[in-house]
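Asker: Can you keep this structure in mind? I'll have questions shortly.
Rule-based calculations on the coordinates, nothing more; no lab input. These numbers were taken from a predicted model, which means no experiment stands behind them.
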C-alpha cells in the first residue's frame, strides 16, 4: 500500500482540519496516510519513506508559520526528487503560505507537484470539505 505524509503547522486548528480532510480523501483512494504537526517532528527519519508529501500552513502576517519554515529547511537534506508533493493552507486576507510551500517543494526539492496549492478560508465553509477531500484524491492518483 502506498504511503503519504501530511504535515501541518497551525495557529488555531483550521489548517489541521483541512489536512485531516485531505488525508481522508487519500484514504478513500486506498493510501496509508500519516498526519503530523510540524513542531512534533524531531528527527528527519520521521520524514523518510513516503511516496507523497503534503505540507500545509496558514498565512500569518504574509508568511507561513515558523514550524513549517523550519521543516522545509530540514527537508533540503532528504532525497525528495520525484516524490509526489502538494501544499495547502487556511488564510484570511492573503494567502502567501501555500504557494511558497508549493514553490519550495517544486523548485528546491524537485518534487512531482499536483496542479496547484489548496487554499481555503476554513474547512467548514461553502464546499471546503469536498474540495479538500478531492484534493487528497488528486494527490493519491498522482502517486500511481
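Asker: Can you tell which of 57, 124, 87 shows the greatest fluctuation in a Gaussian network model of the chain with Cα springs below 10 Å?
Answerer: 124
Asker: What residue among 85, 95, 19 shows peak mean-square fluctuation when the chain is described by a Gaussian network model with Cα springs under 10 Å?
Answerer: 95
Asker: Report the percentage of all Cα-Cα pairs in segment 31-119 whose separation exceeds 17 Å, rounded to a whole percent.
Answerer: Details: 1758 of 3916 pairs.
When all Cα pairs of segment 31-119 are counted, 45 percent exceed 17 Å.
Asker: OK, next. I need to check one value: relative contact order of the chain, counting alpha carbon pairs closer than 8 Å and at least 6 residues apart, in percent. It would help to have the intermediate numbers written out before the result.
Answerer: Numbers: 305 pairs, mean separation 43.0, N = 144.
Result for the chain is 30 percent.
Asker: Quick check: residue separation of residue 141 and residue 81 times 0.36 nm, minus the Cα distance between them. What number comes out in nm? All intermediate terms of the calculation are to be shown ahead of the outcome.
Answerer: On the way: separation 60, 0.36 × 60 = 21.60 nm, distance 1.80 nm.
Full extension from residue 141 to residue 81 adds 19.8 nm.
Asker: Most fluctuating residue of 59, 70, 15 in a GNM of the chain with Cα springs under 10 Å: which is it?
Answerer: In the Gaussian network model the winner is 70.
Asker: With a ≥ b ≥ c the root eigenvalues of the C-alpha gyration tensor of segment 1-76, is it rounded (a/c under 1.5), prolate (a/b larger than b/c) or oblate?
Answerer: Values: a/c = 2.40, a/b = 1.29, b/c = 1.86.
Oblate, since a/c reaches 1.5 and b/c is not below a/b.
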